[in-house]
């Protein structure tokens, strides 16, 4: 075996070669590890930045959705109030009209049926009918569309 003198010590040549090759391997491994670590750090930083961007974007989307929902809710409430007020104002009062004279009684519906039957017999279709009720004459006078006049019995 060969020996070499290194700093006053004798070392076998194979041991020197093994030591040098170990240093090179260690250096390469260290370089690879350092490169891998820095690459991992860079990748981690990029991933974290992307994740933060996505989180911020999601927060903005949620805020916008909340604003839109609030606007829709306000609009819906206003529409409900408006509809409710219209419903209250359009609510019709149910009325019935009775006509009494001496001991006789009739109602508006019965008189209207008699007038419509009389107009049908005359072959007249009317859009506007005005009734003039005179219990003392036992009669209901009518004018249809301002042109046709007639009389029907009241009781």
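Nothing in this text is a laboratory measurement; each read-out follows from the coordinates by a stated rule. Note that this is a predicted model, so its numbers are computed, not measured. Ideal geometry is used to build each Cβ from the backbone, glycine not excepted, and the neighbour counts take in all protein chains shown.
Modelled label positions at residue 67 and residue 46, each set 7 Å beyond Cα in the direction of Cβ, lie 3.3 nm from each other.
Remark: 55, 124 ranked as 55, 124, counting other beta-carbon atoms within 10 Å and listing the fewest first.
Across the stretch 73-155, Cα-Cα pairs more than 20 Å apart make up 52 percent of the total. Model label points for residue 133 and residue 81, set 7 angstrom from Cα along the Cα-to-Cβ axis, are 4.3 nm apart. Shown for 154, 122: other C-beta atoms within 10 Å of each C-beta, ranked fewest to most, produce the order 122, 154. Here the residues 98, 155, ranked from fewest to most Cβ neighbours within 10 Å of their Cβ, fall in the order 98, 155.
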